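Below is one structure; the comments refer to it alone.
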Amino acid sequence: MKIGILSSDPSLYSTRRLVEAGQQRGHEVRVVSTLHCSMNINAVQSSVHLDGQAVDLDAIIPRIAASSTFYGCALVRQFEMMGVYSLNSSIAIARSRDKLRALQLLSRKGIGMPITGFANKPDNIADLIDMVGGVPLVIKLLEGTQGIGVVLAETRKAAESVIEAFFGMKANILIQEYIRESNGSDLRCFVVGNKVVAAMLRQGKEGDFRSNLHRGGSATVAKLTAAERKCAVMAAKAMGLKVAGVDIVRSNRGPLVLEVNSSPGLEGIEKATGVSVADMIIDKIEQDLLLRKNAGKIVA
Ligand code: ADP
């Protein structure tokens with residue numbers, strides 16, 4: 001099978017591991033630089049070109065950076081139009097990339113999440129704060145990643161001034177109930193298909209409520225409850241993602257989803273758990289393509 005990994009950097013751990021796992025299982029694997037591809041869109045035979053040549057693949061693994069979501073999703077869509085299997089679909093990636101849309105979709109499925117408020121204007125900040133249960137609360141930049149743009153406001157005064165400042169900058173923000181009992185930790189659940197294949201508990205560094213590894217957090221293997229597993233699988237399903245990194249906080253009222261990532265990193269999770277997640281991803285592609293071949297149609 002010819003597998004393409006859509007990635008901006010072949011030297012990234014996740015990209016290297018996927019290449020390695022694919023090759024070990026006898027596949028032809030190449031890294032396709034997302035932003036260097038061009039698309040020929042026409043009614044007869046659409047194509048993707050790289051380095052002046054048409055790219056010929058059976059399957060793609062999209063690893064789309066947050067900064068190239070628009071072009072990345074368009075490229076995944078182009079492959080889909082050409083009948084190439086994509087591990088995560090363009091529509092599912094787009095859903096999960098928009099934090100607000102993702103939370104709305106999760107809420108429709110009744111999946112637990114911290115109470116979240118959203119507004120367009122600073123008309124009634126007091127009501128917005130009350131809506132999420134008052135302070136302390138978390139303010140999040142809609143476009144933020146890796147914990148950047150996530151602020152904890154401990155007092156009403158601090159919350160009001162930070163919210164006002166963000167509105168003044170015309171930034172889109174979410175206001176969220178602060179889950180104090182999570183104690184600066186969260187669970188990263190790696191979902192492949194209908195299963196959580198690996199999970200780690202991330203703990204923020206001393207004094208930081210954010211547990212992101214990029215912010216200095218540390219990770220250990222996590223033992224999930226049945227409810228946490230179910231919650232992670234349901235969250236990935238709600239987005240339509242076959243592979244997802246679901247971030248969950250443990251609260252007094254059970255697991256609450258913070259975010260669903262469509263290109264979750266492999267380094268932290270493989271190192272913390274010892275599970276070859278890359279291998280499981282390739283295995284999932286093999287299964288889906290076999291199903292597709294047998295059914296003679298596209299696996300949605
Ligand atoms: P990002 O996408 O930038 O990582 P997150 O929403 O995942 O943003 O927040 C970063 C970290 O901050 C989380 O991993 C978690 O540890 C902490 N955090 C975020 N939201 C809350 C919340 N509502 N209550 C408690 N901790 C939170």
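Things to note:
- Condition check for Lys157: at pLDDT below 95, out of contact with any helix residue (DSSP H, G or I) (no Cβ under 6 Å at 6 or more places or on another chain) and not polar (S, T, N, Q): no
- Test: residue in the stretch 274-286 that is within 16 Å of the ligand (Cβ to nearest atom) and not small (Gly, Ala, Ser): no
- If only residues of the stretch 184-210 that are outside any strand (DSSP E or B), charged (D, E, K, R) and within 9 Å of the ligand (Cβ to nearest atom) are counted, the one that is farthest from Met234 (Cα to Cα) is Asp208.
Residue-by-condition table, conditions (1) open to solvent by 40 Å² or more (accessible area, probe 1.4 Å); (2) under 18 Å from Ala198 (Cβ atoms):
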site	(1), (2)
Arg210	yes, no
Lys230	yes, yes
Val243	no, yes
Glu259	yes, yes
Asn294	yes, no
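- Condition met for Ile139 (near the ligand (Cβ under 9 Å from one of its atoms) and either more than 24 Å from Arg101 (Cβ to Cβ) or of a type in the set (A, V, I, L, M, F, W, C) (or both)): no
Yes/no matrix, rows are residues, columns are (1) of a type in the set (A, V, I, L, M, F, W, C); (2) touching a Gly at 6+ places or on another chain (Cβ under 7 Å):
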| residue | (1), (2) |
| --- | --- |
| Val31 | yes, no |
| Ile41 | yes, no |
| Gln53 | no, no |
| Leu57 | yes, yes |
| Thr69 | no, no |
| Leu75 | yes, no |
| Phe79 | yes, no |
| Ser89 | no, yes |
| Arg108 | no, no |
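- Per the listing Gly133, Gly147, the residue uniquely more than 24 Å from Ala66 (Cα to Cα), assigned to a loop (DSSP other than H, G, I, E, B), within 12 Å of the ligand (Cβ to nearest atom) and not hydrophobic (A, V, I, L, M, F, W, C) is Gly133.
- For the stretch 273-292, the set of residues classified as open to solvent by less than 30 Å² (accessible area, probe 1.4 Å) and within 19 Å of the chain's Cα centre (by Cα) consists of Val277, Ala278, Ile281, Ile282, Ile285, listed by residue number.
- In the stretch 122-140, of all residues being open to solvent by 30 Å² or more (accessible area, probe 1.4 Å) and in contact with a helix residue (DSSP H, G or I) (Cβ under 7 Å, 6 or more places away or on another chain), the one that is modelled with the lowest pLDDT corresponds to Pro122.
- Every residue from the stretch 211-269 that is within 15 Å of the ligand (Cβ to nearest atom), assigned to a loop (DSSP other than H, G, I, E, B) and among the polar types (S, T, N, Q): Ser211, Asn212, Asn252, Ser262, Ser263
- Failed item, numbered, when Met169 is tested on (1) aliphatic (A, V, I, L, M); (2) open to solvent by 60 Å² or more (accessible area, probe 1.4 Å); (3) within 24 Å of Thr273 (Cα to Cα): (3)
- Condition check for Glu181: assigned to a helix (DSSP H, G or I), over 23 Å from the mean Cα position of the chain (by Cα), among the acidic types (Asp, Glu) and within 14 Å of the ligand (Cβ to nearest atom): yes
- Matching residues, the stretch 190-207, being open to solvent by less than 30 Å² (accessible area, probe 1.4 Å) and either modelled with pLDDT under 95 or of a type in the set (S, T, N, Q) (or both): Gly204
The values are calculated or read from the model by the stated rules, or taken from the named source; none is laboratory data. Keep in mind that this is a model prediction, so the values were computed, not measured. Ideal geometry is used to build each Cβ from the backbone, glycine not excepted, and the neighbour counts take in all protein chains shown. Remember, those area values only see protein heavy atoms, side chains included, never the ligands or the DNA or RNA. Shrake-Rupley method; radii C 1.70, N 1.55, O 1.52, S 1.80 Å.
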